[in-house]
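Chemist: I am attaching a structure below and will ask some questions about it afterwards.
Here, each number is a calculation from the coordinates, and none is a lab measurement. A quick note: this is a predicted structure, and the numbers were derived from the prediction, not measured. Glycine also receives a Cβ, built like all others from the backbone with ideal geometry; neighbour counts cover every protein chain displayed.
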Amino acid sequence: MKAEHYVGGAFRSDGEEFALVDPVDGSECGTAPEATREVVDEAVRAGRAALEGAWGAATAEERAAALRRIADGIEARFEEFVDAETADTGKSRELAATVDVPRAIGNFRAYADLLYGRPERAYTTAVPGWSGGTGQALNYTVRRPLGVVAIISPWNLPLLLLTWKVAPALAAGNAVVAKPSEETPSTATLLASVVHEAGLPAGAFNLVHGHGAGAAGEFLTGHPGVDAIAFTGESATGAAIMRTAADHVTPLSFELGGKNPAIVFADADLDAAVAGTARSSFTHSGQICLCTERVYVERPVFDAFVAALGERARTLTGYGPMISAAHRDKVLSYYRLARDEGATVVAGGGVPVFGDRRDTGFHVEPTVLTGLPATARTVREEIFGPVCHVAPFDSEEEALRLANDSPYGLAATVWTRDLSRAHRVAPRVETGIVWVNCWNLRDLRTPFGGVKASGIGREGGEYSLDFFSEPVNVCIRI
Ligand code: NAD
């Protein structure tokens, strides 16, 4: 597909074209324009104009109705979205049709619903009492939008993660300038056309394409007219954006990388733990920020667990490719590093041969490793591929120590039948999300985000609306 910018209510494709690559077979499958500094500047100015015009004047009810029209618009073009997401990412149609596109629709509907649970622009607190010892006062707090917000999203769940930020940003009354990943710009372009058809005032939602460092991404995050940045991507990119944003003290919301642990206790339903870990390690070929890359298994069931997980990895079929040749090479470099560090390769570790067009694509084998120390780079660094390392533990304390021994802290899974243990262990895992006997079971109202190098702030439900709006206190002397 031919991706286009959407600025001030109009589509355009100025800027140098770059090629899009189908990761399934490495063929060229489209183009996107590289936004110049001028295009980014126009998008930010269009956002400001929208806030000063019709979009800024829209009531919460009108914004909620707009979000519902966007959700309906995606639904009406469901297959088109599935096709575009599949072509860009190489993920299966089933995954796109059951996760990515329905969640995008859900994101808009969830925030339209939430707006009705929240008084217009505000919740108020009345404090007709002590006020700094200088008399009686009534304090109330209104929430107003931040202004023009930059939204920068990654390639792994392009539409889902973009809409996860766009929906609450618009719900809270902001204007948006979005920049999707240069690898996967197609569904964002479709979203712009749905927004257009939904009749949002020009400039309320703007889309620019292009690369990150030294390009569209950096032009946007360093723009003095941007009032906040919501970013999902690698931790190192987050650090770079933070440096750029420092010049204007721009508020940030960060969803970053992970090296997610799973803890499997000997009392767990072993079949469920194996199936759950296969899902959490290999779904979308490990290219979900929530995927498990470190597994800690209580020693009595360690051998049985490793054998069963290895078998699942070896017999997995229908899995998709890495997003790009560069990412495939990065993952394979970790497969080599693991061997150099002394790992036992229980399953996978190489490049599959299919005997069809996929052989020119970017696939790697689902891989299970054992035998590495906690200090190994393979156990510490995010690989973002279909790979996990499994290590044994002997006590609850040791499991927690191993799980928490990471610079990251996004998500964890705990497998146990012991209810007390689940409640004891879960709050002590240093991650923002802990799943017990499940993985990636999501309620969009719950806080989502990471600790340590995995992020700053929380998204989801009220948490997103709070980030995308500013509480302003009004104090009236009475
Ligand atoms: P990435 O950081 O390379 O790129 C993400 C986005 O940032 C892209 O749009 C890119 O163009 C842009 N970008 C890159 N450098 C920039 C710069 N200097 N200034 C401004 N923008 C810049 O990430 P990726 O490879 O697309 O995605 C994979 C990463 O995302 C993994 O680390 C994964 O764990 C993480 N991730 C986290 C979550 C979460 O919710 N915590 C969700 C999905 C992915």
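Chemist: Can you tell me how much longer the chain between Arg417 and Arg144 gets when fully stretched, taken as 0.36 nm per residue apart minus their C-alpha distance, in nm with one decimal?
Modeler: Extra length from Arg417 to Arg144 when fully extended: 93.7 nm.
Chemist: Counting Lys +1, Arg +1, Asp -1, Glu -1, what net charge surrounds Pro33 among other residues with beta carbon under 10 Å of its beta carbon?
Modeler: -3
Chemist: Please list, in chain and number order, the residues 5+ apart from Trp435 or on another chain whose amide H is under 5 Å from its amide H, with Hs placed from the backbone.
Modeler: Residues meeting the criterion, in which the H sits 1.01 Å from N, are Ala412, Thr413, Val414.
Chemist: Mind giving me the nanometre distance, one decimal, between the label points for Arg401 and Ala54, set 7 Å out from Cα along Cα→Cβ?
Modeler: Label-label distance for Arg401 and Ala54, simple model: 6.4 nm.
Chemist: Membrane-span-like helices in the chain: DSSP H runs reaching 15 Å or more (Cα, own axis), mean Kyte hydropathy at least 1.0?
Modeler: The answer, listed by residue number, is 158-171.
Chemist: With a 10 Å Cβ neighbour count serving as the proxy for reagent exposure, in which order, fewest first, do Tyr335, Tyr116 appear?
Modeler: Tyr116, Tyr335
Chemist: Can you tell me the relative contact order of the chain? Whole percent, Cα pairs under 8 Å, sequence separation 6 or more.
Modeler: Relative contact order, the chain: 18 percent.
Chemist: Hey, got a sec? Which GluC sites (Glu not before Pro) in region 1-87 land in a DSSP loop and have at most 16 other Cβ atoms within 10 Å?
Modeler: Answer by residue number: Glu16.
Chemist: Around Val346, which amide H atoms from residues at least 5 apart in sequence, or from another chain, sit under 5 Å from its own amide H, with H modelled in the peptide plane?
Modeler: Val368, Leu369, Thr370
Chemist: Tell me, how many Å apart are the Cα centres for region 187-218 and for region 363-439?
Modeler: That distance is 37 Å.
Chemist: To continue, here is another question. Take peptides 166-173, 300-307 and line them up by average Cβ neighbours within 10 Å, highest first, as a rough protection proxy.
Modeler: Numbers: 166-173: 28.0, 300-307: 17.0.
With the highest mean Cβ count within 10 Å placed first, the list reads 166-173, 300-307.
Chemist: Can you tell which of Ala403, Cys388, Leu419 lies farthest toward the positive end of the dipole of region 382-437, using +1 and -1 charges on the Cβ of basic and acidic side chains (Lys, Arg; Asp, Glu)?
Modeler: Value computed over the given set: Leu419.
Chemist: Okay, moving on. For region 418-430, what does the Karplus curve 6.51 cos²θ - 1.76 cosθ + 1.60, with θ = phi - 60°, yield as ³J(HN,Hα) per residue in whole Hz, taken in order and with x for Gly and Pro?
Modeler: Going residue by residue, I get 8, 4, 5, 4, 4, 5, 6, 7, 3, x, 8, 7, 7 Hz, with x marking Gly and Pro.
Chemist: Please enumerate, by chain and number, the lysines with C-alpha under 30 Å from the C-alpha of Lys259, excluding those fewer than 8 residues away in the same chain.
Modeler: Lys91, Lys165, Lys179, Lys330, Lys452
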